[in-house]
Amino acid sequence: MEADDKTNPPLERLKFVSIFTSNLDEFFMVRVGSLYDISRISPDEIDNKTGMNASQQLKKSMQLFQD
């Protein structure tokens, strides 16, 4: 939202885009990578926070980025 705010100076907006992409990269490397590993090691294990197994969480994560 900050990167899209026209009242922010252009370089400041670019900084926000940079932060967003860095966070997205970290999300994929850490969270999605972990889910992939878990889905291969124990595919039937249900996460107590989401109520889904790792494969279901991966599928849901990918759907969010395809929309």
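For the reader, a short list of remarks on this structure follows.
- Among the residues here, L14 qualifies as in a helix (DSSP H, G or I) and over 17 Å from the mean Cα position of the chain (by Cα).
- Complete set of residues in the range 42-67 that are of a type in the set (S, T, N, Q) and surrounded by 13 or more Cβ atoms within 10 Å (Cβ to Cβ): N53, S55, Q56, Q57, S61
- Taking every residue in the range 20-39 that is modelled with pLDDT of 90 or more and pairing it with any residue that is surrounded by 12 or more Cβ atoms within 10 Å (Cβ to Cβ) and outside any helix (DSSP H, G or I), at least 6 positions away or on another chain, the pairs with Cβ-Cβ distances below 7 Å are F20/A3.
- Matching residues, the range 22-41, being under 28 Å from E2 (Cβ atoms) and surrounded by 11 or more Cβ atoms within 10 Å (Cβ to Cβ): L24, F27, F28, R31, V32, G33
The values are calculated or read from the model by the stated rules, or taken from the named source; none is laboratory data. As the structure is a computational prediction, the values presented were derived from the model and not from experiment. All Cβ positions, even for glycine, are placed from backbone atoms using ideal geometry, and neighbour counts span all protein chains on display.
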